[in-house]
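Coordinate-derived values only; no laboratory data. No experiment lies behind these values; they were computed from the predicted model shown. Reconstructed Cβ throughout: ideal geometry from the backbone, glycine too, with neighbour counts over all protein chains shown.
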Amino acid sequence: MKKIDLTTKEYDTYYETYLKNVEASTGLMQGFEASLDATPTFFKEIPDTKLLYAYAEGKWTPKEILQHLIDTERIFTYRALRISRNDTTELPGFDENAYVPPSQANQKPILQLVEEFTSLRKANIALYKGFNAEMLQRLGKASGGPISVRAIPFILLGHELHHIHIIQERYL
């Protein structure tokens, strides 16, 4: 399954911001597995002097951004699990800004955050390997809009790339 196979009925238009960052030819597992190495490497290579830097008041540090990626992936793959299991309950959104302060990301070593990301991604790769074609196409509702099980990894990959581009442009 590749990103190009997604239809616009499988996700809310809000996610197009992230989906445009993922090449149309990217395979679901290929993308997840490639970022398993690329994203941790990127964050480990950020200079220590920049890990607690925010380019403006109220903006997140690179450590907080990585924690945000982790939190978002947990929430979205939980949605994928529920939808794949035919749970038709509408799933709520979340306020990502409210998650940052209690995460205490800036007090964690970067290697701890990288390990958490890597462990989570490995678990989610295993989860997705367990989904068959029918499960991947199941459609649910989250944050007030449609979402398919198979759209979620591509949204997550695009979301990662979105934040990596911001770090490259404004932090490094």
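Mind listing whichever residues of region 52-70 are hydrophobic (A, V, I, L, M, F, W, C) and within 16 Å of F117 (Cα to Cα)? Talk me through it step by step, then tell me what you get.
Looking only at region 52-70, we keep the residues that are hydrophobic (A, V, I, L, M, F, W, C), and these are 52, 54, 56, 60, 65-66, 69-70.
I65, L66, L69, I70 - these are the residues of region 52-70 that are hydrophobic (A, V, I, L, M, F, W, C) and within 16 Å of F117 (Cα to Cα).
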Count of residues meeting criterion [free of Cβ contacts under 8 Å to residues at least 60 places away in the same chain and under 11 Å from F154 (Cα atoms)] in region 26-47: 2
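To keep it simple, each residue is scored yes or no on (1) in contact with a Leu (Cβ under 7 Å, 6 or more places away or on another chain); (2) hydrophobic (A, V, I, L, M, F, W, C).
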site	(1), (2)
I65	no, yes
S84	no, no
T118	yes, no
G130	no, no
G140	yes, no
P153	yes, no
Residue satisfying all of: in region 116-172; of a type in the set (F, W, Y) and farther than 30 Å from A54 by Cβ; surrounded by the fewest Cβ atoms within 10 Å (Cβ to Cβ) among these: F131
